[in-house]
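Q: Would you mind keeping the following structure in view while I ask a few things?
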Amino acid sequence: MKIAAQRKADPVRSPTRFLSVADFTPSQLEACLELASELKRARAAGVPHIRPLEGRHIALLFDKPSLRTRATFQIAVRELGGDVIEPPQDVALGGREAIKDVARNLERWVHGAVVRTFAQARLEAFAAAAPRLRIVNALTDQEHTSATATTSHSRWRRPRRRSGAKSASRRRVDTSSMSRRAG
């Protein structure tokens, strides 16, 4: 049985955190978007694909509620082989415990965290307290990295109908502009 999207990410070149769109270079963004396309095609075709989160847990920490964001991250983590934990909102990001204490504890228990909060500074404090924890910014008041990546993926996947050279060029421009947005 063929497994789709078997290539492994290069840990030296692939960021382990997505706190800001500036965390990726244009070439890293392009590689990420290509992998996303491969996984999406495999899913649509019903073809088994890589499961890099097999046996790992990902924490979803949401100060700001969102049905779409929560559901899509839950599905993505599970389809990539992982399990989701969702600490109650009153303890997740500094309710009963300090943010740094929550981050340090989760760093020992989970492989990564998806964080949707208010101030970018809260996300950065969480990340600073847990340097080995993989973190995705689902939304802050300053950045909406997951939505930016989704929009960029849609544009990248469906370039304007022109010559191949212009399509490839447009893809480079989209990923370049995405990486500059946070700067």
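The values are calculated or read from the model by the stated rules, or taken from the named source; none is laboratory data. Here the structure is a predicted model, which is why all the values come from computation and not from measurement. All Cβ positions, even for glycine, are placed from backbone atoms using ideal geometry, and neighbour counts span all protein chains on display.
Residues checked against (1) out of contact with any Pro (no Cβ under 8 Å at 6 or more places or on another chain); (2) within 22 Å of Val110 (Cβ to Cβ); (3) in the same structural domain as Val102 (by TED's automatic domain parsing):
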residue: Leu29; (1), (2), (3): yes, no, no
residue: Ala45; (1), (2), (3): yes, no, no
residue: Leu61; (1), (2), (3): no, yes, yes
residue: Arg68; (1), (2), (3): yes, no, yes
residue: Thr72; (1), (2), (3): yes, yes, yes
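Q: May I ask you to list the residues in the stretch 119-142 that are part of a loop (DSSP other than H, G, I, E, B), farther than 18 Å from Arg104 by Cβ and out of contact with any Lys or Arg (no Cβ under 8 Å at 6 or more places or on another chain)? Let's see the steps before the verdict.
A: Step one: filter the stretch 119-142 for residues part of a loop (DSSP other than H, G, I, E, B), giving 119, 130-133, 140-142.
Okay, now just the ones that are also farther than 18 Å from Arg104 by Cβ, so 119, 140-142.
Residues satisfying the conditions are Ala119, Asp141, Gln142.
Q: As an exercise: evaluate Gly81 against (1) part of a helix (DSSP H, G or I); (2) on the phi > 0 side of the Ramachandran plot and give the number of the one condition it does not meet.
A: For Gly81, the failing item is (1).
Q: With the structure loaded, tell me whether Arg56 is among the basic types (Lys, Arg), over 17 Å from the mean Cα position of the chain (by Cα), modelled with pLDDT of 95 or more and over 24 Å from Thr140 (Cα atoms) or whether it fails that test.
A: Numbers: among the basic types (Lys, Arg): yes; over 17 Å from the mean Cα position of the chain (by Cα): no; modelled with pLDDT of 95 or more: yes; over 24 Å from Thr140 (Cα atoms): yes.
So Arg56 does not fit the description; no.
Q: Please verify whether Ala36 is outside any loop (DSSP other than H, G, I, E, B) and either closer than 30 Å to Val91 by Cβ or touching a strand residue (DSSP E or B) at 6+ places or on another chain (Cβ under 7 Å) (or both), treating the condition exactly as stated.
A: The answer is no for Ala36.
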